[in-house]
Amino acid sequence: MLKVCKFGGSSLASGKQLKKIKKIVNSDDSRKIIVASACGKSNKNDHKVTDLLYLSIAHKKYGMSYEHIIKNIKEKHQSIIDELKLNFNLDNEIKKIKHLLESKGNDDEIISFGEYLASKLLALYLDADFVDAKKVICFNYDGSINLEKTKDKFLPYLKSNKKIVVPGFYGALANGVIKVMSRGGSDITGSILANVVDADIYENWTDVSGIYVCDPHIIKNPKKIKTITYAELREMSYMGANVLHEEAIYPVKEKGIPINILNTNKYQEEGTMIVSSCKKNDKVGPISGITGKTDFYVVSVAKINSSSEIGFIKKILEVFEYYRVSVVLVTTSIDSFSIIVDKNDVKNTIYEITNEIKTKLKCDEVSIYDNLSLVCVVGRGMKSKKGISGKIFSLLGENDINIRTISQGADEISIIVGVDDANFEKTINCIYERFVK
Ligand code: ASP
């Protein structure tokens, strides 16, 4: 059994947290590969080290002093060193960050310092091997990961009897230049390493005990999801559930490696298992999760006979593409099409977009509706089960919630309903109470 364990920033926020990591990692020999994020916040007023590093670069750029920021970064790490009584020369490392800032070095290298430092401390504390991500996580020049090369570089390190700590979030291009991933990218590093070592499980240790059926800010103490498929999770993440970095799913999915979301602060709890598919006798209720987002715009386009005009939708979508706006959903009725987009993405261009659609496509009417929320009901258990959508729709009707738009893919694992923003939480509440509780 071989496990890759990724620990998020909150698990590295203080010496106390590193002690928990040690307990977790040492309690299981198969927890061989440890991926660490940069130190996160240890309390509400604290800052994430990665944020501080970005901030120091911005200060440098605008000619402002960044000394106080570096001091903050130093103190944060020093307190871990002191609490764990580590023999570590922090001054040397801080000098390197300062030098990079002063010499206008590669910004990515400066930003990668958060993961680099946290991992160095963790490796020292665990008496594990430190393997720098710049030596093993290989980027292609187009920004994608070269899995073959990463595998070749990383596998030799597995021969060691010790555990291995690798910083998350960054790697290097073929010329050795350090490159960071998008924010939250340590999840991706863990997934890549799980792929290249053919891990049995990818454990993702965070500060929540798994994935909940709904956002706990909306439903108090919602139920936890025990098992969810990658496909269900994808639907939930797209519609607002913030669990894992989206790109972290693909490397493990390719090999069918399950991801276990676990809580460093409550390590005995079971967490949520994300799997490629479930067993045939999978006894699951119809609904695995309910998620959603507010603040969408609907651009509604009507033109007589457009349903038989070949390429009509393509031409509408090209206008959005031209303005670099991502289309969230398209719903249709005969001769009218609703394009749903995120309000933030179009706030500066919505009138240009609608004007262009109207004139270019000679439409009868183009209107904009705002304040739309999308609520996404996800569940592999809905597939081939009759009556679920009917029950959801009548439930909302009974609760005086008007459904403005509906969408269901042919794979039947999700139903999306569009309601007024004012009804967003009420909709989630009703569905949770009726189907989950
Ligand atoms: N430290 C990076 C961030 O804050 C990456 C990570 O934590 O996964 O985005």
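The values are calculated or read from the model by the stated rules, or taken from the named source; none is laboratory data. Fair warning: this is a prediction, and the values are worked out from it, not measured in the lab. Reconstructed Cβ throughout: ideal geometry from the backbone, glycine too, with neighbour counts over all protein chains shown.
Looking at segment 161-179, which of its residues are within 14 Å of the ligand (Cβ to nearest atom) and among the small types (Gly, Ala, Ser)? Matches in segment 161-179: Gly168, Gly171.
Is it true that Ser182 is closer than 22 Å to Lys48 by Cβ and either within 16 Å of the ligand (Cβ to nearest atom) or surrounded by fewer than 24 Cβ atoms within 10 Å (Cβ to Cβ) (or both)? For Ser182, the condition - closer than 22 Å to Lys48 by Cβ and either within 16 Å of the ligand (Cβ to nearest atom) or surrounded by fewer than 24 Cβ atoms within 10 Å (Cβ to Cβ) (or both) - is met. Consider segment 25-51 and keep the residues that are part of a helix (DSSP H, G or I) and surrounded by 21 or more Cβ atoms within 10 Å (Cβ to Cβ). The one that is nearest to the ligand (Cβ to nearest atom) is Thr50. Among the numbered conditions (1) loosely packed, with under 15 Cβ neighbours inside 10 Å; (2) over 25 Å from Lys255 (Cα atoms); (3) without any contact (Cβ under 8 Å) to a residue 60 or more places away in the chain, the only one that Val177 does not meet is (3). Restricting attention to segment 317-339, the residues being buried (at least 18 other Cβ atoms within 10 Å of the Cβ) and out of contact with any strand residue (DSSP E or B) (no Cβ under 6 Å at 6 or more places or on another chain) number 1. Candidates in segment 208-230 are the residues that are in a loop (DSSP other than H, G, I, E, B) and of a type in the set (D, E, K, R); of these, the one that is farthest from Ile431 (Cα to Cα) is Lys226.
Scanning segment 62-84 for residues that are touching a helix residue (DSSP H, G or I) at 6+ places or on another chain (Cβ under 9 Å), surrounded by fewer than 17 Cβ atoms within 10 Å (Cβ to Cβ) and not in a helix (DSSP H, G or I) yields Met64, Ser65. Taken over segment 161-183, the criterion of being part of a loop (DSSP other than H, G, I, E, B) and closer than 20 Å to Ser30 by Cβ is satisfied by Asn161, Lys162, Lys163, Gly168.
Checked against (1) surrounded by 12 or more Cβ atoms within 10 Å (Cβ to Cβ); (2) part of a loop (DSSP other than H, G, I, E, B), Ile415 passes all but a single condition, namely (2). For His59, the stated conditions hold: it is surrounded by fewer than 18 Cβ atoms within 10 Å (Cβ to Cβ), away from the ligand (no atom under 14 Å from the Cβ) and of a type outside the set (A, V, I, L, M, F, W, C).
Name the one entry in Lys391, Lys437 that is at pLDDT below 90, surrounded by fewer than 19 Cβ atoms within 10 Å (Cβ to Cβ) and either charged (D, E, K, R) or more than 21 Å from Ser300 (Cβ to Cβ) (or both). Step by step, each of Lys391, Lys437 is checked, and only Lys437 is at pLDDT below 90, surrounded by fewer than 19 Cβ atoms within 10 Å (Cβ to Cβ) and either charged (D, E, K, R) or more than 21 Å from Ser300 (Cβ to Cβ) (or both).
Note on segment 185-223: residues that are within 16 Å of the ligand (Cβ to nearest atom) and surrounded by 19 or more Cβ atoms within 10 Å (Cβ to Cβ) total 16.
Yes or no: segment 418-425 includes at least one residue that is under 19 Å from Val341 (Cα atoms) and in contact with a Phe, Trp or Tyr (Cβ under 9 Å, 6 or more places away or on another chain). Yes - at least one qualifying residue is present in segment 418-425. Restricted to segment 100-160, the set of helices (runs of 4 or more DSSP H) holding at least 1 residues that are within 16 Å of the ligand (Cβ to nearest atom) and not hydroxyl-bearing (Ser, Thr, Tyr) comprises 107-126, 133-136.
Residues checked against (1) part of a strand (DSSP E or B); (2) within 23 Å of Glu412 (Cβ to Cβ); (3) out of contact with any Asp or Glu (no Cβ under 7 Å at 6 or more places or on another chain):
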residue	(1), (2), (3)
Ser338	yes, yes, yes
Asn348	no, no, yes
Tyr351	no, no, yes
Val366	yes, no, yes
Gly381	no, yes, yes
Leu396	no, yes, yes
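Considering segment 4-17, and only residues there that are part of a helix (DSSP H, G or I) and out of contact with any Leu (no Cβ under 6 Å at 6 or more places or on another chain), the residue that is farthest from the ligand (Cβ to nearest atom) turns out to be Lys16.
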